[in-house]
Ligand SMILES: NC(=O)c1ccc[n+]([C@@H]2O[C@H](COP(=O)([O-])OP(=O)(O)OC[C@H]3O[C@@H](n4cnc5c(N)ncnc54)[C@H](O)[C@@H]3O)[C@@H](O)[C@H]2O)c1
């Protein structure tokens, strides 16, 4: 039983190791919906924990401030004291980062599980009772087996039951996704103790998620479902993006195609908007991991199939830059180009794997002057481009970013970019002024009317050149 003020007891102590984009919001919502549980989130990153305890949270996520404010200090606590938190916990969610391996066997493809393994060792070291360990991080299929082996060798006679409970939230809509999930997946071993542990995890979500949305499966299906869900989402993006290239050759309009194709109820309309390509910390790494797994199980055709999803994503980013160079008379030397947006998508400050990183690097290689503006991602952009050389500016004000620029490249679909006064922007730009809309976000006929040469994705361009 956990502590609750002086006298009142909490039903259970939940701990989450890893206070990142997943750990923070997920546990804040669990705390909100489960006042009978005490929830602690720990991290080795002291600065991050300090931010979680401050008025400026370490991540921007619509609605998150309100949730955290409602429960922090009541049944939600952020701390760096990992040993004490492990000792006190009945259930431990592990939400540490599992990036793509950058060294040794499987470099560039496989998941780097060093943080996960380190966490397992910490759990062994500091536990003095049996616990349920929940895989929240996205991991390769059968990771739980390896973790179970590590945890079993604890030398203290403790039992750790491993549950897979992958997280499906999307950054930018995390709070809504957590409050109203399409489904919650809980995977366990098909043993009596495994099923009992799965019920305990399902009970947490049952505080607010309808029973028919809580899916229980075996461990391996649960682990693999997460990779497959991300692969399918990314595959839709790559599918429509590949067709956007064909549209540009044939004068077909990708908007018409998305609508016509997405109207088929078997296909559906979502994730069919053409753009500069997907970013974010998950899609690329999870697909590459799937590819690696398929290859290591002797399934090269399956691996090749999924690898093309990543290849098309690279192709889409490459051709976006090539088009800028081509349309701007094959040289960008000394020309200022304003990047509107740097986050990998709207409503987040996260820039991990953002197409903006690739575009900025390439433009700098072409010796353009790059001026970046983004409502939430400028700190991350600065970090991403540290030491890159060349001429890069960071502007909070989009009008300043556009001043003296010859082109705007729209990278992130922030709604705020739709609201700008493009007549005013046009006036301060060098002519001829170009606009490359990497998200098909803006009103292209209107921009053309103002005087811009407009290059959408997968739609005919609108130019004033003869
Ligand atoms: N970001 C997303 O949208 C998303 C969505 C679903 C699933 N996931 C998965 O969730 C996992 C976490 O992703 P994230 O975006 O929250 O990562 P993140 O990098 O934002 O957060 C991970 C945190 O874990 C901490 N950490 C690492 N090792 C630790 C240790 N031994 N002890 C304590 N803290 C430790 C890090 O300091 C970091 O703050 C990944 O496996 C990811 O694939 C992410």
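The values are calculated or read from the model by the stated rules, or taken from the named source; none is laboratory data. All values derive from a computational prediction rather than experimental measurement. No Cβ is skipped: glycine too gets one built from the backbone with ideal geometry, and neighbour counts run over all protein chains shown.
Numbers below:
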read-out	value
Residue in region 218-240 that is modelled with pLDDT of 95 or more, more than 24 Å from the chain's Cα centre (by Cα) and closer than 23 Å to residue 143 by Cβ present	yes
Selection status of residue 191, surrounded by 14 or more Cβ atoms within 10 Å (Cβ to Cβ) and more than 19 Å from the chain's Cα centre (by Cα)	no
Residue match in region 155-162 (condition: out of contact with any strand residue (DSSP E or B) (no Cβ under 7 Å at 6 or more places or on another chain) and either crowded, with 18+ Cβ neighbours inside 10 Å or outside the structural domain of residue 64 (by TED's automatic domain parsing) (or both))	no
Residue that is nearest to residue 58 (Cα to Cα), among those in region 166-193 that are part of a helix (DSSP H, G or I) and within 12 Å of the ligand (Cβ to nearest atom)	174
Residue within region 124-132 that is within 12 Å of the ligand (Cβ to nearest atom) and in contact (Cβ under 8 Å) with a residue 40 or more places away in the chain present	yes
Search result, residues across region 270-299 that are away from the ligand (no atom under 16 Å from the Cβ), in contact with a helix residue (DSSP H, G or I) (Cβ under 7 Å, 6 or more places away or on another chain) and either modelled with pLDDT under 95 or not in a loop (DSSP other than H, G, I, E, B) (or both)	294, 295
Selection count, region 206-238, where residues are in a helix (DSSP H, G or I) and touching a residue at least 40 places away in the same chain (Cβ under 8 Å)	17
All strands (runs of 3 or more DSSP E) inside region 373-466 with 2 or more residues being touching a strand residue (DSSP E or B) at 6+ places or on another chain (Cβ under 6 Å), surrounded by fewer than 23 Cβ atoms within 10 Å (Cβ to Cβ) and on the phi < 0 side of the Ramachandran plot	391-395
Number of the exception - residue 362 against (1) more than 19 Å from residue 453 (Cα to Cα); (2) in a loop (DSSP other than H, G, I, E, B)	(2)
